[in-house]
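Student: Just passing along the structure, written as structure tokens.
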Amino acid sequence: MTPSITSTSNSGSNFLSGGGEMGERIRSLDWSKTAVGPTDSWPQSLRTVLSLMLHSKFPMLLYWGPELNCFYNDAFRPSLGNDGKHPESLGKPAPEFWAEAWHEVERNITRVKAGGEAA
């Protein structure tokens, strides 16, 4: 299922104020159509991490939940290429985000989730 961007503002997204282009895109996405669910139901830990991430000048990518739904900030956006994965990757599960390299990426994510070191 592909999330869609709507023009309706999410009332539970005040914690996403500012944050540049990606803050606006996260506020505009209809998260109820994803495994993450509507922003007003997001746990405080996700809200806090996203608020910090969106206001950081350091490139950051976050996978959240069992489906590893993708979030990233403005500084990470250039890593996705000019005609690359942006903005379609926002909210997508990691296996869709990294479809062409999932066989490599999955091993690293599985190791980290099991308490190991990132490669």
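What follows draws every value from the coordinates through simple rules; no lab data is involved. Note that the structure is predicted; figures quoted are calculated from it, not measured. Ideal geometry is used to build each Cβ from the backbone, glycine not excepted, and the neighbour counts take in all protein chains shown.
Student: For the range 14-94, what's the relative contact order in percent, using C-alpha pairs closer than 8 Å and at least 6 residues apart?
Tutor: Relative contact order, the range 14-94: 29 percent.
Student: Related question: Report, in deg cm²/dmol and to the nearest 500, the calculated mean residue ellipticity at 222 nm for the chain, where each DSSP H run with n ≥ 4 adds -39500 (n - 2.57) and the sum is divided by the residue count.
Tutor: Only helices count here, giving -8500 deg cm²/dmol.
Student: In debye, nearest 20, what is the charge dipole magnitude of the chain about its Cα centre with +1 on Lys and Arg Cβ and -1 on Asp and Glu Cβ, if you could check?
Tutor: 260
Student: Show me 46-55, 68-77 ranked by packing, highest mean number of other Cβ atoms within 10 Å first.
Tutor: Order by mean packing, descending: 68-77, 46-55.
Student: Once the other residues with Cβ under 13 Å from the Cβ of residue 64 are scored (Lys, Arg +1; Asp, Glu -1), what is the net sum?
Tutor: Local charge sum for residue 64: +2.
Student: Tell me the net charge near residue 73. Cut-off is 14 Å between Cβ atoms, residue 73 excluded, with +1 for each Lys or Arg and -1 for each Asp or Glu.
Tutor: Its environment carries a net charge of +1.
Student: Counting only other residues whose beta carbon sits under 12 Å from that of residue 29, what net charge do I get with K and R as +1, D and E as -1?
Tutor: Net local charge, residue 29 excluded: +1.
Student: Alpha carbons only, please: Rg and Dmax for the chain, in angstrom.
Tutor: Radius of gyration, then largest Cα-Cα span, for the chain: 14.0, 41 Å.
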